[in-house]
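Note sheet for the following structure.
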Amino acid sequence: MSDFRTKYQITEYCHHFLADYICEGDCCVDATCGNGNDTLFLCQNVGRAGKVYAFDVQETAVENTRRRLTEAGCEDRAVLICGGHEHMSSYVREKISVIMFNFGYLPGGDHSLATKAETSLMAVKQGLDLLKTGGVMGLCIYSGGDTGYEEKEALLGYLKNLDPGKWLVLIHEFYNRKNDPPLPVFVIRLK
Ligand SMILES: C[S@@+](CC[C@H](N)C(=O)[O-])C[C@H]1O[C@@H](n2cnc3c(N)ncnc32)[C@H](O)[C@@H]1O
């Protein structure tokens, strides 16, 4: 039997939350594909008729994701883009039901290639424009050590001021964890 605690790891936790918002045939976006875990999750949920755009600035990440999808037999429903998510609106034309951001750096990778406040904000704004009514953006925000503080502050500052008539912003916390626990955030488009 698998350990029930794994479902409270931030990425699993986000998958559980987001799965409810995806139907077969939907279009979704993974704004930071990394090793492909989130892209695979989205591809499995949109099914054969669906489509998933996935972005990463690192060729290695895109190749890792491609391999992951091929092994799972769902590479045909993904469009993998080696490029910054701040250019998302040039690639994605459809309305989307779910968009995921897993900020930071590739685990075990180069910290200088982590996501950055300015481009992350640009991408979040474009992602919100692409969301259909009832759709959701999931953001896993990390800070700690040498990275993430400026980005976290910029993102939370921006989200705090979103029009409450149009957006619902939910921040879930690992409340009793010490230091800088990751922060799962969900933004739902109300209209
Ligand atoms: C925490 S990892 C993502 C993990 C991934 N979602 C997974 O399931 O394995 C963050 C990724 O963001 C990527 N990244 C950094 N800047 C980016 C940008 N401007 N646009 C898209 N991806 C970026 C990094 O290369 C890194 O692979």
From Cα pairs below 8 angstrom and at least 6 apart in sequence, can you work out the relative contact order of the chain, rounded to a whole percent? 19 percent
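Tell me, in nm to one decimal, what length is gained between TYR158 and SER2 on full extension, where the rule is 0.36 nm per residue of separation less the Cα-Cα distance? Display every interim value, and only then the final one.
Details: separation 156, 0.36 × 156 = 56.16 nm, distance 3.81 nm.
Extra length from TYR158 to SER2 when fully extended: 52.3 nm.
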Given R₀ = 30 Å, FRET efficiency for ASP76-PHE174 by Cβ-Cβ distance, to 0.05? 0.25
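Once the piece of chain linking ASP146 and THR133 is laid out straight, how much longer is it, given 0.36 nm per residue of separation minus the C-alpha distance between them? Could the numbers behind the result be given before it?
Numbers: separation 13, 0.36 × 13 = 4.68 nm, distance 3.69 nm.
Full-extension gain reported as 1.0 nm.
Provide the percentage of antiparallel DSSP beta bridges, counting only those with both residues in the chain; round to the nearest 5.
DSSP beta bridges in the chain are roughly 40 percent antiparallel.
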Charges at C-beta only: +1 for Lys and Arg, -1 for Asp and Glu. How large is the resulting dipole of the chain about its Cα centre, in Debye rounded to 20? 580 debye
In whole Å, what is the distance between the alpha-carbon centres of region 20-38 and region 94-139? 11 Å
Free-standing Cys, the chain [no other Cys Cβ under 4.7 Å]: CYS14, CYS23, CYS27, CYS28, CYS33, CYS82, CYS140
Please list, in order along region 47-59, the HN-Hα scalar couplings obtained from phi with the Karplus expression 6.51 cos²θ - 1.76 cosθ + 1.60 (θ = phi - 60°), rounded to whole Hz, x for Gly and Pro. x, 4, 7, x, 9, 10, 8, 9, 10, 7, 7, 9, 4
Applying the Karplus parametrisation 6.51 cos²θ - 1.76 cosθ + 1.60 with θ = phi - 60° to the phi angles of region 119-131, what ³J(HN,Hα) value in whole Hz is obtained for each residue in order, glycine and proline being reported as x? 6, 5, 4, 4, 5, 4, 4, 5, x, 5, 4, 7, 5
Sorted by chain and number, the residues with a modelled amide H under 5 Å from that of GLY135, at a separation of 5 or more or across chains, are ARG189
Expected sort for 175-185, 112-122 on mean C-beta neighbours within 10 Å, highest first, is 112-122, 175-185
Output ordering of 127-139, 13-25 (per-residue mean of other Cβ within 10 Å, highest first) is 127-139, 13-25
Which cross-chain or sequence-distant (5 or more) residues have an amide H under 5 Å from the amide H of VAL52, H modelled 1.01 Å from N in plane? CYS28, ALA78, VAL79
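Throughout, read-outs are computed from the coordinates displayed, never taken from laboratory work. What you see is a predicted model, and the numbers here were worked out from it, not measured in a lab. So basically every Cβ, Gly included, is an ideal-geometry build from the backbone, and we count neighbours across all protein chains shown.
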